[in-house]
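Comments concern the structure below.
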Amino acid sequence: MKHFINITDCTTDELKHILEVSRQLRDQRIAGQPTPLLARKTLAMYFAKPSLRTRVSFEQAMYELGGNAIVIGQQEVQLGERETPADFARVVSGMVDGIMARVFAHDMLIDMATHGSIPVINA
């Protein structure tokens with residue numbers, strides 16, 4: 001399992017690979033041949049701070065790649081108040097295939113990545 005918490009955690013080769021795969025997927029989409037790379041996969045998208053562009057880009061990407069996205073807002077979870085980031089990651093890990101989180105505190109991402117059993121993406 002590989003998280004994407006900080007771009008500096010990736011090697012140059014890993015970043016080149018990410019960009020190459022992204023380019024291939026974009027070209028396939030433009031050609032009308034989308035790839036169901038994430039078929040039967042679900043991404044939990046947690047937003048402590050709202051973002052139109054982040055939400056739309058991730059949700060649309062999941063749709064185009066054959067997956068599903070679930071939007072979870074701060075008011076539903078009350079992360080840091082009612083539930084810890086570690087508990088959130090443990091619970092959600094049993095139900096979805098990845099967590100995308102847009103948070104204020106970087107430590108929340110680290111806690112999710114440490115305690116969850118699925119990839120965590122810093123949005």
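The values are calculated or read from the model by the stated rules, or taken from the named source; none is laboratory data. Note that the coordinates shown come from a computational prediction; the quantities given were computed from them, not determined experimentally. Neighbour counts are summed over all protein chains in view; Cβ atoms, including those assigned to glycine, are modelled from backbone coordinates with ideal geometry.
For the stretch 94-101, state whether one or more residues are surrounded by fewer than 15 Cβ atoms within 10 Å (Cβ to Cβ) and on the phi < 0 side of the Ramachandran plot. Yes, some residue in the stretch 94-101 is surrounded by fewer than 15 Cβ atoms within 10 Å (Cβ to Cβ) and on the phi < 0 side of the Ramachandran plot. Looking at this structure, is Ala44 in contact with a Leu (Cβ under 6 Å, 6 or more places away or on another chain), within 13 Å of Ile121 (Cβ to Cβ) and not in a helix (DSSP H, G or I)? No: the conditions fail for Ala44. Take the stretch 66-75 and flag every residue that is at negative phi, at pLDDT 95 or above and surrounded by fewer than 17 Cβ atoms within 10 Å (Cβ to Cβ). Correct list: Asn68, Ile70, Val71.
Restricting attention to the stretch 80-104, the residues that are among the small types (Gly, Ala, Ser) and free of Cβ contacts under 8 Å to residues at least 24 places away in the same chain total 1. Picking from residues in the stretch 27-53 that are more than 18 Å from the chain's Cα centre (by Cα) and surrounded by 11 or more Cβ atoms within 10 Å (Cβ to Cβ), the one that is nearest to Met112 (Cα to Cα) is Thr35.
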